[in-house]
Every structure is written in C-alpha cells, then in structure tokens.
Ligand code: M6R
C-alpha cells in the first residue's frame, strides 16, 4: 500500500494560491499512513536543472522532511508534479527503489500504487530491447514500457502510450505519469488500487484518497477500474483502455479533514475492518497460480530445507498468537507436521527443544515486538530455521529471519489489530498449504479444492462485513452486561480467544475465552443466569460437540450468542442471538468467523463512549519485555 498524488495547474494561478511543491508535500504528509519507507516527487516546468526534475529520499518517517530540504535545481515555476510515499512490497526500502521511476532518458516520471504481477517477463523483454532498469521494484517496468510505446507511436501522445502499455500489464495499479514533452499533462490510470481526482478553476489533482487533496476542492471524481484519465489545468478527460471516452462518476464531499483521513469512518478501527477483504486479497495476490500451485517468492528456504523440517514452532503475542494458534490446526492437518505454539515471552525462558530440523515461525504485525524478536533470535541461536510473518517490510524481525512472508494489509493505525490479524491467518494458511505441497501430503485434487476455497475468502469476508447493523443490535442488547465468556472448539477456539481479547482491550469489559470442551472442568462455575456466552458454532467436524457445550451453559441460565453459518436454522434454535457469517472450508473458517467478533467489540466500545483507536494502557507496538 503506497500513496500517490499529482497536480497540474495553469499559468493563471498565483504561485501562492496553488504552489505545486506545497500541494505535493502536504498531500504526501496526509498519505503517510499508507506507508513511509521512502518518498519522492517529480516536477515538470521551466527554470530548473531539467524540464523534468526528480528527488527521492528513503529515511523512513523523515523522508518527507529530507525531500523539502533538497529542492535545489527544481523548476522555478512548475506546471505539474507527481509524488509518492512508499510502503515496500517488491524491493528494499532504499532510494533506488523509491518512486517516481523514470524512463531511460529522464523525460518521463511515474508513481504507482499496486503490484505488477508480470513485471519479470516485461522487464526481461525491455532489457533485451536495450532499456536500462535501475531498481528492484515491479513498478519501474511501467516507465520503460510507456517509453517504448511512446517511441513507437509518438502521435498518440502520453495517454495513448499509457493505454497501450497497460494492455500488456497484469496486476493492480493506480498510477500517474508526467512527461516533459507535455508539461501541463498528467496521465493517470487505475485497476483495483484506489485513485480519486479533483478539479478546480485552472488546476486538476489526483491522489490515492480524498484527504490528500481536500482543501483544494470538495468536488471529486472516482476513476473506475481500467480507465485512463488525462488531467490538464481545469479539465479532466477519461477513456477506457481502448480509448473510448467515458464520463467519470462525480463525488461531492463535505467532510472535514479529520473525518476524511478516516475515509468518512468514525475511527481507524472501523476503516481498517472495512479494508479486510482487500488485506486478505492482497496477501493472496500472486501467490496462488491459476494451475493450482502456490509460490512463496520471499521465502528464501529451499524446498529441500522445507522437506527436512520435522517440527514447527510458532511464537507470537496477542492477536498474532491467536493467528498462530489457528495455523497449528492447518499445518498439522494438511502438512502432517507437529506444531507447537508458544507465547513469545514464555518460549525464550523455557529452554525449548529446537534444532536445525525445526522451523520457528515468528508472527508479528509490527515486526518489532521485543518478546517475539527475542524469541526468534533465541531459536536462531539454537540452530532453527526462522520464518517471519510480518506486515512491515524491513522491520527488525524481517531482517532477523532466514525467510519472510509479508502480509500485505497496509499500515494499521488502530491499536486493536483487525485487518493485519486476518492477513496473518491468511498468510499462515498459505504457508500451511505450501508445506503440504512441498511434502506432498495432499493429493492434487484436494489441494486444488482448498486453493479454490481460499480464493473466495476476500468476497466472504466482504459479505461478513455487511452484517454490521445486525451485530450492533446484539451489542446493544447486552451493553449493560459486565462480563462475557467466549467459547469455541478446534479452530473456533482461537477465534473465541480473539473475540475475548478484542472486547476487553477496547471496551474494558471482563471477557474470557475458553475451549468449549474445557468449560465443564472449572470455568462453568462462572455461569449464572444472565451471563453472556458468545460461542463459535459454525459448521466444523466438532459442531455437534459445540452444540452440546452450548446446552450446558444455556441450562444454567446463560444468554447465548452464536456465530453461525448463513441459513443454519438448526444452530439458530440453540441461540438467543445469532451472528451470521458465510460458510467456508472449516480450516479457513477463522478468517471469516472472527469478523463479527471484531464488530461486536467495536460496537460495544462505541456504545460505552470509548476511544476505540487509543484504548487505555495499550501501545500499538510493544518494545519492552
Ligand atoms: O506487532 P505484533 O503483532 O507483534 O503485536 C502483538 C500484540 O501486541 C498485538 O497483537 C496486540 O495484542 C493487539 N493490540 C491486539 O489487538
């Protein structure tokens, strides 16, 4: 997830009214939540070292400051400019990989958010044709591809070259391109990744989201998928990839800046929950091949090394631990490897039995949690192979691991993990299937069926997200209950733990998660008339046992809320309230079943008037032991 921005303005405006550099820098600052590994911009116009001038910096959160200190040689009065703030996916977060990327001769500059899936085959061809590519990114090929089309058909202009280039591209993109031969034109295009545009008298703008350019206009257009836009001062024209003119959809926005940063949601947690389908889809992107096989590019362990693994350890904290617990079921079931899971702060001090045949998987959203960092370091020193699952490229843990599998959820601001949690479960399930593939523990037909089911997860998560009002009504019914018990069996157990953690961390209510079968060994003493029991009762092989455990609490007067699969009236008969979710293959169910748990906690916290993004006593990243 990166942020892009662009502005073109006519000579009629005073520089003070709409100074290109200021618009870009301020907009990039507002886009930094999308990533801040590096930043860069390109300006077009006379009076500088070059008609197209570029500056880039890769200094983490200080990148933008660095840019503003390095403007010597920039055009004195630029007519157009584009900017980018990066969240690295392909290529390290250094200056060479920072956007904008240019063509061979520095006449064209391009910024991009998304992933170009066929970048390797395109760059091989371009290099063979004599192009010189400098970065490790998937993006740079676009600049050279457009350059080659522009050279072949100069009469079709920059927009024509962009259309022709995109016809060859697979993947996701929101991009903006400038060329010094058309100094007041920006060409933009979009597929999947977001891109909005705005227009005012004598200027036109584009950005990854509205807050970046709010204040310059309140009238926006959303660029649809597979559309190419030409922005000129005061005018925007849009075509299909084939060049057919189309009218872009207008959007008037009255939000203030604070609301706009949250895309109109009341808080970041709500926004991030709604980004979950995309987080899951992006985490699967280019790892599932159409022929039914899995590829893990960033995992630098050979298949031979994977085959030599005899035991797996997962170490993590909090929600990441729950994701790891879910993975235990999947790895054992599909790959037939024994899996131990431990809380990171416990693992390190118990003299764990690991050796060179052990795979230790460290799971951490931030990649900086010191408990998990120390645990994987300990494992490495004991000779284990270490694989890190994290959301942050080049984080401390990513650097420590023998291999890294990135979740691609984009930056998460709310303290309560939501979209990164779903992305972690997804990545771990991908890894489990990969281990099964390498170890040949699943038949091709079984693997194909599972991969198909996995591909449908983003849509099912999106469907689960539509049930917010119904979940809110259940939270309203139980808003005055002082304590909650969360139950689940098998993969429903970590979902119950996560449901309890979410509720306690943002609504400060007593909430405990238990394996449903364990209740009768003690915790059932807590149940009395009025106790609210939330239980995962979706259809898994242990469904009947779960329903028997539900009967045990119901007969003691508990109010029962069941998470059930759509249309499962048999389960609903055992419930006072139902949280409905779409069904899926049972080992994938946590990805979907946890969604109503998050929404329930969110609704409850809001009903109690609490700040869900900044819960008391908590920090997003815990860097102390
Ligand atoms: O960055 P990490 O995934 O290593 O963080 C681990 C926990 O601190 C984190 O999951 C915490 O439990 C969240 N607040 C849960 O919402």
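The values are calculated or read from the model by the stated rules, or taken from the named source; none is laboratory data. Since we're looking at a predicted model, the values are computed, not measured. Ideal geometry is used to build each Cβ from the backbone, glycine not excepted, and the neighbour counts take in all protein chains shown.
A compact table of results
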| quantity | calculated |
| --- | --- |
| Residue check for residue 174: closer than 28 Å to residue 198 by Cα, modelled with pLDDT under 95 and not in a strand (DSSP E or B) | no |
| Single condition residue 295 does not satisfy, out of (1) touching a strand residue (DSSP E or B) at 6+ places or on another chain (Cβ under 7 Å); (2) exposed (fewer than 15 other Cβ atoms within 10 Å of the Cβ); (3) free of Cβ contacts under 8 Å to residues at least 60 places away in the same chain | (1) |
| Tabulated pairs, the stretch 582-599, first in the same structural domain as residue 332 (by TED's automatic domain parsing), second at pLDDT below 95 and surrounded by fewer than 24 Cβ atoms within 10 Å (Cβ to Cβ), C-beta under 7 angstrom, 6+ apart or interchain | none |
| Matching option when the condition is under 25 Å from the mean Cα position of the chain (by Cα) and either surrounded by 14 or more Cβ atoms within 10 Å (Cβ to Cβ) or touching a residue at least 60 places away in the same chain (Cβ under 8 Å) (or both), among 488, 517, 499 | 499 |
| Matching residues in the stretch 345-364 - criterion: being free of Cβ contacts under 8 Å to residues at least 24 places away in the same chain and either away from the ligand (no atom under 16 Å from the Cβ) or not assigned by TED's automatic domain parsing to the domain that holds residue 417 (or both) | 349, 350, 351, 353 |
| Failed item, numbered, when residue 509 is tested on (1) touching a strand residue (DSSP E or B) at 6+ places or on another chain (Cβ under 9 Å); (2) surrounded by fewer than 16 Cβ atoms within 10 Å (Cβ to Cβ) | (2) |
| Within the stretch 380-407, considering residues that are assigned to a loop (DSSP other than H, G, I, E, B) and within 27 Å of residue 459 (Cα to Cα), the one farthest from the ligand (Cβ to nearest atom) | 393 |
| Sole residue being buried (at least 21 other Cβ atoms within 10 Å of the Cβ) and outside any helix (DSSP H, G or I), chosen from 331, 361 | 361 |
| Selection from the stretch 118-171 of residues that are more than 15 Å from residue 191 (Cβ to Cβ) and part of a loop (DSSP other than H, G, I, E, B) | 129, 130, 131, 132, 133, 134, 135, 136, 137, 153 |
| Matching entry among 414, 410, 367 (being within 13 Å of the ligand (Cβ to nearest atom), in the same structural domain as residue 316 (by TED's automatic domain parsing), out of contact with any strand residue (DSSP E or B) (no Cβ under 9 Å at 6 or more places or on another chain) and not in a helix (DSSP H, G or I)) | 414 |
| Helices (runs of 4 or more DSSP H) contained in the stretch 421-521 and holding at least 3 residues outside the structural domain of residue 409 (by TED's automatic domain parsing) and within 15 Å of the ligand (Cβ to nearest atom) | 492-507 |
| Test: residue in the stretch 50-62 that is crowded, with 24+ Cβ neighbours inside 10 Å and in a strand (DSSP E or B) | yes |
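Conditions (1) under 23 Å from residue 488 (Cβ atoms); (2) within 14 Å of the ligand (Cβ to nearest atom); (3) touching a helix residue (DSSP H, G or I) at 6+ places or on another chain (Cβ under 8 Å); (4) assigned to a helix (DSSP H, G or I), marked per residue:
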residue	(1), (2), (3), (4)
578	yes, no, yes, no
588	yes, no, yes, yes
594	yes, yes, yes, yes
598	yes, yes, yes, yes
601	yes, yes, yes, yes
612	no, yes, yes, no
615	no, yes, yes, no
